[in-house]
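In what follows, a single structure is set out as structure tokens and then discussed.
The values are calculated or read from the model by the stated rules, or taken from the named source; none is laboratory data. Fair warning: this is a prediction, and the values are worked out from it, not measured in the lab. Virtual Cβ from ideal backbone geometry, glycine too; neighbours counted across all protein chains shown.
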């Protein structure tokens, strides 16, 4: 998992997907809409599925039963833990950045 | 444009299309087609292909190797065809000289002698098992080299259909036999 974290560190689409799924299971189209809404990032379908494939491979998300060519995904326990760690790390970095730019 | 985008899915490896193709097509049908999306699909398909050249990071064998894309069973059949003359010759020679059943070998000997005694024919018969081994093994084998924390690590991953395993084992046996034959004849 440490290797997977290292690989994902600079990979925003994966984090965006995890944040989107933290609100509950979603299929690809719903993820794209949600991500565009909360981050103003317009991911392409290829980028989205690149992230989905890597996250699934690393056991951070898992598919739910498909219907009408739509497969919802949800966070796994490992995915929740990983997102929590990354969020706290980002929060710490943002704190440092805010301190430095406001002093 | 939408048709082009759907066509671009073919750039993804077969295992990827098997796993994600249906839902990916569903998503693409819902999205508005644009040049950006076409480029996004092509770029990511190429990334998946490039990742396929590295050892898989998956556990539990969720992902087949990119070797599956290279039609390993078709290549195994080709390998069988390549080593068929050698297999026939070795089998009949073993029947005659080890088991004592000379009939089949004596029946083909007049036809085989000009081939076996010709340098090209002999080279083909000796090298055919090696060629078959490569044809059957390479598409289902992935080698990986990585430099991590000052150490070089090498990995070999194999995902072989039964036919490829049979061809590999047979070709190794034949290669050994033909090597002994070549040594006995030339040294």
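The table below gives the values:
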{"quantity": "Single match in B:128, B:159 (criterion: under 30 Å from residue B:51 (Cα atoms) and surrounded by 15 or more Cβ atoms within 10 Å (Cβ to Cβ))", "calculated": "B:159"}
{"quantity": "Only listed residue being within 7 Å of another protein chain (Cβ to nearest Cβ) and modelled with pLDDT of 85 or more, chosen from B:6, B:27", "calculated": "B:27"}
{"quantity": "Pair list, Cβ under 8 Å, 6 or more apart: region A:52-71 residue within 13 Å of residue A:26 (Cβ to Cβ) and at the interface with chain B (Cβ under 10 Å from one of its Cβ atoms), other residue in a strand (DSSP E or B) and modelled with pLDDT of 90 or more", "calculated": "A:52/A:61; A:52/A:73; A:63/A:73; A:71/A:63"}
{"quantity": "Filter result for residue B:42 (at the interface with chain A (Cβ under 7 Å from one of its Cβ atoms) and modelled with pLDDT of 85 or more)", "calculated": "no"}
{"quantity": "Scan of region B:72-127 for residues that are closer than 30 Å to residue B:15 by Cβ and modelled with pLDDT of 80 or more, ordered by number", "calculated": "B:75, B:76, B:77, B:78, B:79, B:80, B:81, B:82, B:83"}
{"quantity": "Selected residue (criterion: nearest to residue A:69 (Cα to Cα)) from residues of region B:30-39 that are under 36 Å from the mean Cα position of the chain (by Cα) and more than 7 Å from every other protein chain (Cβ to nearest Cβ)", "calculated": "B:38"}
{"quantity": "Among (1) over 28 Å from residue B:73 (Cβ atoms); (2) outside any helix (DSSP H, G or I); (3) touching a helix residue (DSSP H, G or I) at 6+ places or on another chain (Cβ under 9 Å) - the single one residue B:153 does not satisfy", "calculated": "(3)"}
